[in-house]
Amino acid sequence: MTVADVQQWVGVGAMGVWLIATIVVVRTAWSAGRRPPLGLLIGSGVGAGLFAAYGGIVDAVADPGPPADLDVPVLHCMVGHRSAPANAVMIQISDLGGTLGMTVLTALGAAVLLWRRRVPDAVVVLVAGAGTGVLVSGFKNLNARPRPPVATQLVTEQTFALPSGHALTSTVVVGILAVVAAGMIRSTAARLGVGAVAAAVILAIGVSRLYLGVHWLTDVLAGWLLGGAWLALCLTALTAVRTRRATRVPEQAAPAEPGVLS
């Protein structure tokens, strides 16, 4: 059994465990007359599902099939549509999604949350950001996939290709900051705006890596999926913390000061 097969079966196993656990938790809650923790069940389910999809991508790379058969055509398309102005823009976007850019963004986000006294949010943001480094290094070395030919690369990269670290890290960092920020905004339109901007940034960073010729399409897809799985687990943990804290709050809390966001 190959490394790809192991990852795929782990993903399938995670989905199976989640399904069984969900049935048990829901039945237990109903029997006790309580409401099932839907937020936790949905979050963990999304995480397991995204990891299973990631395993499918890795398996498709190991045993060539869709979507891995699009890797070469997409690379050729990107190379064939390059221009000097676009090159400069894509390099800047890629730099934003790099280790330095995402580390700075994580630190700034956590600092603002601590200043707002949202300690659980800040802690989860820091844990989520730190976890990306472990995931990127661990899974790159586990898969040990070579990058596209050097002749197609506009920037030099020395590490393995799968998954894309830029795609994974931006999904987690930008994603969790967007969710936390949306929770501090009351306007539905503004929340949708935050989500749209976050999605656009994550997409642009992933595409920039394809454009620069340093990743195959499946590298970026795997990064988004694995990053999404970690993001879902971090948000599930944040939901659990918030739920636990909410149960400790007196039923009649003192009214908030005018102009202060919760």
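The values are calculated or read from the model by the stated rules, or taken from the named source; none is laboratory data. Note that the structure is predicted; figures quoted are calculated from it, not measured. Here the Cβ is made from the backbone with ideal geometry for all residues, glycine too, and neighbour counts use every protein chain on show. All accessible areas refer to the heavy atoms of the entire protein, side chains included, with ligands and DNA or RNA removed. Shrake-Rupley method; radii C 1.70, N 1.55, O 1.52, S 1.80 Å.
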Checklist entry - What pairs come up if the first residue lies in region 33-46 and is closer than 10 Å to residue 18 by Cβ, the second is open to solvent by less than 70 Å² (accessible area, probe 1.4 Å) and not in a helix (DSSP H, G or I), and their beta carbons are under 9 Å apart, counting only those six or more places apart or on different chains? => result none
Next on the checklist: With the requirement that a residue be farther than 23 Å from residue 204 by Cα, part of a helix (DSSP H, G or I) and in contact (Cβ under 8 Å) with a residue 40 or more places away in the chain, what does region 93-140 give you?
Outcome noted: 113, 120, 121, 124, 127
Item to check | Those residues of region 38-67 which are in a helix (DSSP H, G or I), under 21 Å from residue 214 (Cα atoms) and under 21 Å from the mean Cα position of the chain (by Cα), in sequence order | outcome: 54, 57, 58, 59, 60, 61
Next on the checklist: Could you tell me how many of the residues in region 63-73 are surrounded by 18 or more Cβ atoms within 10 Å (Cβ to Cβ) and among the aliphatic types (A, V, I, L, M)?
Outcome noted: 1
Checklist entry - Take the residues of region 2-29 that are out of contact with any Pro (no Cβ under 7 Å at 6 or more places or on another chain) and farther than 26 Å from residue 54 by Cβ: which is most open to solvent (accessible area, probe 1.4 Å)? => result 27
